[in-house]
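Encoded as C-alpha cells, the structure appears first; notes follow it.
The values are calculated or read from the model by the stated rules, or taken from the named source; none is laboratory data. Model, not experiment: these values are computed from the prediction. We place every Cβ from the backbone using ideal geometry, glycine too, and count neighbours over all the protein chains shown. Just so you know, the surface numbers come from the protein's heavy atoms only, side chains and all, with ligands and any DNA or RNA stripped out. Shrake-Rupley method; radii C 1.70, N 1.55, O 1.52, S 1.80 Å.
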Amino acid sequence: MPFKLGVIGIDHGHIFGMLSNMLAEGCPCDAYWTDGTAVTERKFNEVFPKVAKAADRRRILDDPEIAMILISAVPEDRAGLAVEAMQAGKDVMVDKPGCTTLEQLDAIRGAQADTGRIWTVNFSERFEVPAVTRAEELVFGGAIGRVVQTVGLGPHKKNLRTRPPWFLLRERYGGILCDIGSHQIDQFLHFTGSGSAEVAHAHVENTTMPDAPGFQDFGEMVLRSDKGHGYVRVDWFTPNGLPTWGDGRLFIQGTEGHIELRKYTDIGRPHVTNNLYLVNGEENTMIPCSDAGLPYFPRLVADVADRTETAVRQIHTFTATELAIQAQMKAEAA
C-alpha cells in the first residue's frame, strides 16, 4: 500500500531518481527541507513543483502521515538526519554513501535496532538499472554457473561547474571508495552471495587537482570472501566526449559463462543504455534490458507495509556500508 513521503536534504542529484521512482509507486510527497540552498534546488522545484519547501525539518519529521523520509543531504550529514528520522518513527531511504565513518554507522545500527525502522541505502547502480534486474534473473537462474568474481567499473565526469564546495572536501563527501565505491561493493556482495568480505587491497589518489588536496579522482579495491572475489575501479576521469556521466560497467564471471553489463552507454554506437552481453555453453548474445523493471521500489513499498525485507536485507546494507568505510580507511592508511 503506498504511503506518504518526506524529503530531507537534496544536495545530491540522486534525489531525483529516489523520489521519482517512489512517486511512480504511488507514494505522495508534498514537502522537502534542505540545509541552506542546494545546487539542485532550482531543478528540484522544476521537476517536483508540487513539493513545497518547509522552513523547519521538524514539520516533516513530526507529520504523523509521513511513513518514510528520503535523504540526499551532504554525505557527512546523512547519518545524523537518518537517526533523527528513525527516532521520529520514520523509515529511511538514504542516498549512498549512507554514512561516512564507522562511528556514524554504529549510531545508525543502534537507532535501527531500537526503533525497528527500515534504513535502506539506494544503491542506484543496482536498484535503478534495468540491466541489473535482468542480470539477476540470469545469474540466479543458473545461466553462468556459480559466480566467482565481479569487476565493477564506476567512472564519472567531474562537471566542476555544477559541483558544490563540499564535493572537494574529504570529510564532507567521505572519500571516493566510501562514496561511489559503495555501489560496487553492494553488487559484489549481491552477485557472489557473500554475507561478509575482506578488503584485501585499497588505494586512492588525487592526480588531477593538486589545489584541492581533499579530492580523490581515482580509487581501486580488491574484495575477497568465502564465495568469490571482486575488483573495483572508480574515478573522475570520464571525458566530455562521452554522451553521459560515465561508462559504468559490471562484469560477472561464472564457472559456466560470463555477463557484461554496459549500463549507461555503449562506446562507438548511437547512445544506448541497459545492454547485457551473455556468453555461456549455449549462447553468445546481446540482450537489451530497458524493459526489465526496477523491483527494488515496489518491494520497498511492500516492506514498509509488511515490515519485511524483500527489497534488500538490512544486514546487507550495513555490511556494504561498513566495507566501503573500511576500504576508504585502508587506502588512506597505506
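Things to note:
- Screening the candidates GLN187, GLN216 for the property of being free of Cβ contacts under 8 Å to residues at least 60 places away in the same chain, open to solvent by less than 20 Å² (accessible area, probe 1.4 Å) and touching a strand residue (DSSP E or B) at 6+ places or on another chain (Cβ under 9 Å) yields one hit, GLN216.
- Flag if PHE297 is among the aromatic types (Phe, Trp, Tyr) and either touching a strand residue (DSSP E or B) at 6+ places or on another chain (Cβ under 7 Å) or open to solvent by less than 10 Å² (accessible area, probe 1.4 Å) (or both): yes
- Restricting THR162, THR207, THR192 to those that are touching a Phe, Trp or Tyr at 6+ places or on another chain (Cβ under 8 Å), more than 23 Å from THR101 (Cβ to Cβ) and among the hydroxyl-bearing types (Ser, Thr, Tyr) reduces the list to THR207.
- Candidates in the range 221-246 are the residues that are closer than 24 Å to MET329 by Cβ and among the aromatic types (Phe, Trp, Tyr); of these, the one that is least open to solvent (accessible area, probe 1.4 Å) is TRP236.
- Scan of the range 26-72 for residues that are assigned to a loop (DSSP other than H, G, I, E, B), more than 22 Å from VAL301 (Cα to Cα) and either open to solvent by 50 Å² or more (accessible area, probe 1.4 Å) or not hydroxyl-bearing (Ser, Thr, Tyr) (or both), ordered by number: ASP35, GLY36, THR37, ALA38, VAL39, PRO49, ALA54, ALA55, ASP56
- Hits in the range 127-138 (condition: part of a helix (DSSP H, G or I) and either touching a Leu at 6+ places or on another chain (Cβ under 8 Å) or surrounded by 23 or more Cβ atoms within 10 Å (Cβ to Cβ) (or both)): PHE127, PRO130, ALA131, VAL132, THR133, ARG134, ALA135, LEU138
- Of the residues making up the range 112-123, those that are open to solvent by 10 Å² or more (accessible area, probe 1.4 Å) and either touching a strand residue (DSSP E or B) at 6+ places or on another chain (Cβ under 8 Å) or outside any loop (DSSP other than H, G, I, E, B) (or both) number 6.
- Pairing residues of the range 289-311 that are farther than 18 Å from LEU261 by Cα with residues that are of a type in the set (D, E, K, R) and open to solvent by 60 Å² or more (accessible area, probe 1.4 Å), at Cβ distances under 6 Å and at least 6 apart in sequence or on separate chains, gives PHE297/GLU25; PRO298/GLU25; VAL301/GLU25; THR310/ARG299; ALA311/ARG299.
- VAL199, sole failed condition from (1) open to solvent by less than 10 Å² (accessible area, probe 1.4 Å); (2) in contact (Cβ under 8 Å) with a residue 60 or more places away in the chain: (1)
Table: residues versus (1) modelled with pLDDT of 95 or more; (2) under 30 Å from THR101 (Cβ atoms); (3) among the hydroxyl-bearing types (Ser, Thr, Tyr).
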site	(1), (2), (3)
LEU276	yes, no, no
GLU283	yes, no, no
ILE287	yes, no, no
PRO298	yes, no, no
ALA302	yes, no, no
THR308	yes, yes, yes
THR321	yes, yes, yes
ILE325	yes, yes, no
MET329	yes, yes, no
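- Helices (runs of 4 or more DSSP H) within the range 155-209 that include 2 or more residues closer than 30 Å to ALA143 by Cα: 181-192
- Of the residues making up the range 231-249, not a single one is outside any helix (DSSP H, G or I), free of Cβ contacts under 8 Å to residues at least 24 places away in the same chain and hydroxyl-bearing (Ser, Thr, Tyr).
- Qualifying residue in the range 255-277 (condition: touching a Pro at 6+ places or on another chain (Cβ under 8 Å), crowded, with 16+ Cβ neighbours inside 10 Å and part of a loop (DSSP other than H, G, I, E, B)): yes
- Hey, VAL312 of a type in the set (A, V, I, L, M), closer than 30 Å to LEU102 by Cα and out of contact with any Ser or Thr (no Cβ under 9 Å at 6 or more places or on another chain) or not: no
- Residue count, the range 103-122 (criterion: under 18 Å from the mean Cα position of the chain (by Cα) and not aromatic (Phe, Trp, Tyr)): 7
- Taken across the range 74-89, residues that are touching a residue at least 60 places away in the same chain (Cβ under 8 Å), touching a Cys at 6+ places or on another chain (Cβ under 8 Å) and open to solvent by 10 Å² or more (accessible area, probe 1.4 Å) do not occur at all.
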